[in-house]
Amino acid sequence: MLLMGNEAIARGIVEAGANIAAAYPGNPSSDIVDALAKASRDLSMHVEWSVNEKVALEVAAAAAMTGLRGVAAMKQNGLNVACDFLLNANLAGLRGGLVLVVCDDPSGISSTNEQDTRLFARMGELPLLEPSNFQEAKDMVVEAFDLSERLALPVILHSVTRLSHARGNVELGPLPGPGPKPAFDRSHHFVNVPAPANAHRRLKEKIERCRKEFEDSPRNWYQGPGRPEVMLVTTGAGLFYCQEGVEALGLEDRVGVLKVATTFPLPERFLLKHLAEAKQVVVVEDGSPFLESGVKEFCAERSDQLPALKFFGKADASLPQVGELSPDIIMSVLSRLLDVPIETRPDDYDRGIQEVARQQVPDRDLAFCAGCPHRATYWAIKEALALDGRNGFVCGDIGCYGMGSGPAGFSQMDTMHAMGSGAGVASGMGQLVSMGLDQPVVAVCGDSTFYHAALPALINARQHGSNFLFIVLDNNATAMTGFQPHPGLGTTATGQPAPPVAIEDLCRAMGYRVDACDPYDLPATTHAILRGLEQEGPRVLILKRTCALVAAKQGPSATRVTLDAERCIGSDCGCSRMCTSVFRCPGLAWDPESGTARIDEAICTGCGVCAQICPTGALKVEAAS
Amino acid sequence: MAADSFDKLRAEVVESGLCTGCGACAGLCPHFGWYQDRVVPLHQCVSSSGACLEACPRVPLDPAALVASSAQPEFITPEMGPVRRLWVTRANAPEVRDRAQHGGTVSALATYALDQRLVDAWVLAGPDGSVGGLPRVCRTPAEVAACAGTRLTSVPMVAGFLELAARESGRFGVVATPCQCLALARIKASDNPRLRQAADKLALVIGLFCGWAFDRRDLQQALSPHLDLAAVRGLDIPPSSHQSLEAATDQGYLSVPLDGVTPAVRSACSYCFDMTAELADLSVGSARLPQGWDEARHWNQTVVRSQAGQELVDGAGEAGVLILEEPPDGALDKLKAAAAGKKRTARQNLTELSGNSEDLIYLPTDFDRGIPSPGHGA
């Protein structure tokens, strides 16, 4: 069956008989629980979108403390959120199986950072498995659960975008029978105190046992000639690049590929056996030189049993130290080391492409959808901060509205770090007034982000009297990651109704003054923000308007927007193309022949926000027929 | 390469502290906006010669030339622009005077002009519930009355007028401070079609004497230790010898020392040369009478400048809605001296700003040509 890597992982979770699957959405991991949620009707598994990754891991761990199997899935940042639990659970042990699937995003294509989570395995001294293809993505999940139960340790299964989001053939395995009934054994405490060092000693013993198991893992293998001139040591998606690179250059007789799937703890006998045949070693892996450091460390320890090896990799910048790898990169390294001429891309081809791009490919910034309430919100924020005149600034957060830091949101977001950091940083900024900060502080936070991480910072701000305006951008969705449910929506991953937890109730309970406004109403929203900037003390402004994509699924728009070309003054003084060149909703287009704007009816959602900006009333909102 | 209009206004008027908040640019274009007493550039515009640049009263211009092009030469004075006649005036009706800042002259004239259909509506500065104001379109005596009283912070009246002119046809009047009168005069003198369509609807401009305006935020900060701002019904600045600001509250008048509030003066006002609103049809201010402020506070001085202004004032006098009295001896000379004093201050402050006595930034070096220098030892 052709499966996406994440679907293969999900299938592995099902075949392993997992009882709980919990996650917080985050690219490139979201599809795992998306798939399980869809399948959940036919499963006895509890599948949930948890409020954040730490809770997701805790929820999954509950299964693994009662004799059952739990799995949590997340992206790299999610593991940062969950790691406090992980770095206690490693010592506290388990009675059952716990697998943590973490999907990294090399190059940070859809992330706030670029980060390699494999280092957590080393830090937490936890078994780390890295599948290299779609079949392994499924099969190694089942193996991970078995390993976890045997060792009574959480096991980390690591993936990257190119595995999670690519597709390949997978042979399915059998579905499991019914599992045990959960029970908590009170004679076995999962508590590390009063002497965590003792638990730590036990962890070290478990990791040694794990290492011995990994020695015989069929997931680690060598492919290539004996005594290769270059040995590529690789893991995870690196295998794709290595195999493609070797094949493209026809170097199968000169270059060997040593695949390591169990990258912590390293299988020492296996490495010794194969590295003894090597001369030049190139370690190929996305992310940090994790495997590279581990192998070099191992070689240093066994230097008396190994030939003098020459290492190439990230440490010596043979491979780029940031960003994703590619077959081209591997080919360049091999070409250099083996003196095989190759031009992965001729210079004039490159120049030709740049020229065509420059002339014919329009600049496509990241943009909000037509009708997105965030465009209206950032327009109102931009105008309000300018009209307020005190150089106010915005501490921001993560979600679609994170694009507010760029042209999509008129560059109105000034800080963005982790989930909930907008509120946290604003809580600190709001203390600087007493030290002479005379600029008003604003924070923006999405609805899903609010539940995930903003609450502690808001409580903190209230307790310490921090002065800032907290704006919640409530579009009734966790949109950026694919519309997974959150606690405000009154539904769960499996479509069951759930009592909604309302943002305004939480804010009021924390002692905040709460106002609300519809961002589609620009003058009202601008004034609400201006008033909010002038107020003091803890205050929240909730800007509520459903995501345009969600609204489109709910039914056709009640309104449509038309443009009266006679009234449009286009690029003349008094407008200068406000709608198409300043506001820039994709539903508006410029017609150079008539010298006016026009509505792109295929894209326009009829929200009518542009009509409030048009200085001549050329843009009009009507009832849709 | 010439900077674009938007960039010019942003850098040379707003960011340099010259902006008076008249609202001309904001009334012409959504790239600018206004709120309370602030007019701000909002969104980048790339027009190279926008109407905003033609209307702004703080870009390089020649006010004396503008006066000369619109007034009869025999009336023009170098100190205070065209003066056909100076009167001491007040509204006849006591209920008008009761609501007024001083003599109720503006209220009486505005109401009379509506009654006589000289204008379809006035743009007046109405109260905003705090220390500022909002431009309001007034079509009835009651609406005029609701705007009685001085606003001590800038109100973007030119934006109010331009927004009205863009929406409606008709003949309109504006009561405006000197900087706003200057913007309106530039609009009237322009041949830019966008400005002409508004200028053609401008029938009357009543100017107000003005020494300076307060910055709203700074004023609120300066006053709040002394007063509960919510209880203030009106503010006034008596003659400078009093060195005070007066607040009318429910409990009566309260005096605040002026040096406590002068730091709150709007910075742009330091560069203003026009105390008496030279580019209006008539100008109205508070009176100075030999009887002293307790009497003078209930009267106005009114300078008639244009034919239309004369017809309005004479008509209101004949109709009995406005009381016209001869000014006391020397009143015009005193007024001229005060007006000339403001021009001197403007020259000093502009020289300090530019660092060069030949560079008065937005005014020509001979903007005050014709004024005799003050006598030695005077």
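The values are calculated or read from the model by the stated rules, or taken from the named source; none is laboratory data. Everything quoted here is computed from the prediction, not taken from an experiment. Virtual Cβ from ideal backbone geometry, glycine too; neighbours counted across all protein chains shown. Ligands, DNA and RNA are stripped out before the accessible areas are found, and what is left, the full protein with its side chains, is counted by its heavy atoms. Shrake-Rupley method; radii C 1.70, N 1.55, O 1.52, S 1.80 Å.
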**Request:** Would you mind finding the one in B:GLY355, B:GLY320, B:GLY309 that is at pLDDT 95 or above and either surrounded by 17 or more Cβ atoms within 10 Å (Cβ to Cβ) or under 30 Å from B:ALA247 (Cα atoms) (or both)?
**Result:** B:GLY309
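Residues are listed down the side, and each one gets a yes or a no for (1) open to solvent by 30 Å² or more (accessible area, probe 1.4 Å); (2) in contact with a Leu (Cβ under 6 Å, 6 or more places away or on another chain):
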site: A:ALA461; (1), (2): no, no
site: A:ALA493; (1), (2): no, no
site: A:ALA516; (1), (2): yes, no
site: A:PRO519; (1), (2): no, yes
site: A:PRO523; (1), (2): yes, no
site: A:ILE529; (1), (2): no, no
**Request:** For the stretch B:43-60, name all the residues that are buried (at least 24 other Cβ atoms within 10 Å of the Cβ) and either in a loop (DSSP other than H, G, I, E, B) or within 7 Å of chain A (Cβ to nearest Cβ) (or both).
**Result:** B:CYS45, B:GLY50, B:ALA51, B:CYS56, B:PRO57, B:ARG58
**Request:** Within the stretch B:211-244, work out how many residues are touching a residue at least 60 places away in the same chain (Cβ under 8 Å) and open to solvent by less than 30 Å² (accessible area, probe 1.4 Å).
**Result:** 8
**Prompt:** Could you count how many residues in the stretch A:371-400 are of a type outside the set (Asp, Glu), more than 14 Å from chain B (Cβ to nearest Cβ) and open to solvent by less than 10 Å² (accessible area, probe 1.4 Å)?
**Reply:** 8
**Fill in**
Going through (1) surrounded by fewer than 22 Cβ atoms within 10 Å (Cβ to Cβ); (2) within 25 Å of B:GLU311 (Cβ to Cβ) one by one, B:GLU95 fails only at (2)
**Selected residue (criterion: farthest from A:LEU291 (Cα to Cα)) from residues of the stretch A:229-260 that are crowded, with 20+ Cβ neighbours inside 10 Å and among the small types (Gly, Ala, Ser)** = A:GLY245
**Request:** Have a look at A:VAL540, A:VAL582 and point out the one that is open to solvent by less than 50 Å² (accessible area, probe 1.4 Å), within 31 Å of the chain's Cα centre (by Cα), within 14 Å of chain B (Cβ to nearest Cβ) and under 21 Å from A:ALA380 (Cβ atoms).
**Result:** A:VAL582
**Item:** Selection from the stretch A:16-40 of residues that are in a helix (DSSP H, G or I), over 20 Å from A:GLY402 (Cβ atoms) and open to solvent by less than 20 Å² (accessible area, probe 1.4 Å)
**Value:** A:ILE32, A:VAL33, A:LEU36, A:ALA37, A:SER40
**Residue that is open to solvent by 30 Å² or more (accessible area, probe 1.4 Å), aliphatic (A, V, I, L, M) and either within 14 Å of another protein chain (Cβ to nearest Cβ) or under 18 Å from A:GLY409 (Cα atoms) (or both), where the choices are A:ILE569, A:ILE603, A:ILE613** = A:ILE569
**Message:** If I ask for residues that are open to solvent by less than 10 Å² (accessible area, probe 1.4 Å) and either more than 10 Å from every other protein chain (Cβ to nearest Cβ) or assigned to a loop (DSSP other than H, G, I, E, B) (or both), which ones from the stretch B:1-12 would you list?
**Reply:** B:LEU9
**Complete:** Checked A:PHE214, A:PHE184, A:PHE190 against criteria (more than 30 Å from A:LEU2 (Cβ to Cβ) and surrounded by 20 or more Cβ atoms within 10 Å (Cβ to Cβ)); the one match is A:PHE214
**Prompt:** Only one of B:ALA64, B:ALA125 is within 19 Å of B:ALA280 (Cα to Cα) and in a strand (DSSP E or B); which?
**Reply:** B:ALA125
**Yes/no for A:ILE330 being open to solvent by less than 10 Å² (accessible area, probe 1.4 Å) and within 14 Å of another protein chain (Cβ to nearest Cβ)** = no
**Prompt:** When you scan the stretch B:190-287 for helices (runs of 4 or more DSSP H) that lie fully inside it, which ones turn up with 1 or more residues that are over 21 Å from the mean Cα position of the chain (by Cα) and within 14 Å of chain A (Cβ to nearest Cβ)?
**Reply:** B:193-199, B:216-223
**Request:** Quickly run through the stretch B:17-42 and pick out the residues that are closer than 22 Å to B:TYR271 by Cβ, part of a loop (DSSP other than H, G, I, E, B) and at the interface with chain A (Cβ under 10 Å from one of its Cβ atoms).
**Result:** B:GLN36, B:ASP37
**Fill in**
Here the residues within the stretch A:137-171 that are part of a helix (DSSP H, G or I) and open to solvent by 10 Å² or more (accessible area, probe 1.4 Å) are A:ASP139, A:VAL142, A:GLU143, A:ASP146, A:GLU149, A:ARG150, A:THR161, A:ARG162
**Request:** Scan the stretch A:491-498 and give yes if some residue there is at pLDDT 95 or above and either of a type in the set (Phe, Trp, Tyr) or in a helix (DSSP H, G or I) (or both), otherwise no.
**Result:** no
